[in-house]
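What follows is a single structure, written as structure tokens, with notes after it.
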Amino acid sequence: MRPRGRRRIDPQESAYIELLLRSSDPESKKNGMQRLCKLYRNGFRLVNPQPVIVSLRGLLYDPYDKVRRWALNSLALIGTIREAEAILDAIRRNRDSPDILAAGISALTSIVREDEARSYLKKADVPIDHLTLLAASQQSACFANELRTTRVVIDRASDAELRLAAILDGINKAPENLFSLTH
């Protein structure tokens, strides 16, 4: 029995998304993943997600940053524990790109339990710092207790931390007093 509120993505829409993901045009790939994410956020699900997951895993190696970031965003919604190692590899390879790193952390924490997330992040040598806490909170409750005591000081925060804090605030997942009390 299907969970209440979950509807199936139309087979034609599913085929179109798969076509976009296989395109050579990075913008088409990104658009396909954006469509997929929008549908998943609205309660729709693929009848057979495995071919799309395989495509998304391949897109983690795309030369374009925005494609890799959207592949991680998509895996955060559609992925399972089986994708954890692929996501962890993407985190390692993209640690110099704060936005892709944040998308990877968000994806990882959305598909594993908090204790597993800590273990995976330790394995990738990713500290549980402001960026990690903010990124994880986009898709999951991982590290929620630590985030509640975290304060983003606007004058000292990195651009990536400010973007992540603004996203959390925009999606109503920011804890009260996320920003420094002086602001």
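Counting only residues that are closer than 18 Å to Arg68 by Cβ, give me the helices (runs of 4 or more DSSP H) lying completely in the stretch 102-183 with at least 2 of them.
Of the helices (runs of 4 or more DSSP H) lying wholly inside the stretch 102-183, those with at least 2 residues that are closer than 18 Å to Arg68 by Cβ span 130-136, 159-170.
Given the structure, is Ser28 farther than 23 Å from Val112 by Cβ, more than 20 Å from the chain's Cα centre (by Cα) and among the small types (Gly, Ala, Ser)?
It is false that Ser28 is farther than 23 Å from Val112 by Cβ, more than 20 Å from the chain's Cα centre (by Cα) and among the small types (Gly, Ala, Ser).
How many residues does the stretch 39-70 hold that are in a helix (DSSP H, G or I) and free of Cβ contacts under 8 Å to residues at least 40 places away in the same chain?
Matching residues across the stretch 39-70 total 16.
Going through the stretch 117-140 one residue at a time, which ones are of a type in the set (Gly, Ala, Ser) and in contact with a helix residue (DSSP H, G or I) (Cβ under 8 Å, 6 or more places away or on another chain)?
Within the stretch 117-140, Ala117, Ala124, Ala135, Ala136, Ser137, Ser140 meet the criteria.
Checking the conditions here, which among Ser137, Ser106 is surrounded by 13 or more Cβ atoms within 10 Å (Cβ to Cβ), farther than 16 Å from Ala84 by Cα, under 18 Å from the mean Cα position of the chain (by Cα) and not aliphatic (A, V, I, L, M)?
Matching residue, one of Ser137, Ser106: Ser137.
What is the number of the single condition among (1) touching a strand residue (DSSP E or B) at 6+ places or on another chain (Cβ under 6 Å); (2) in contact (Cβ under 8 Å) with a residue 40 or more places away in the chain that Asp159 does not meet?
It fails just one condition, (1).
Any read-out appearing in this document is the output of simple, stated calculations on the displayed coordinates, not a laboratory observation. Since the model is a prediction, treat every value here as computed from it, not as a measurement. Positions of Cβ are generated from backbone atoms using ideal geometry, with glycine treated the same way; all protein chains shown enter the neighbour counts.
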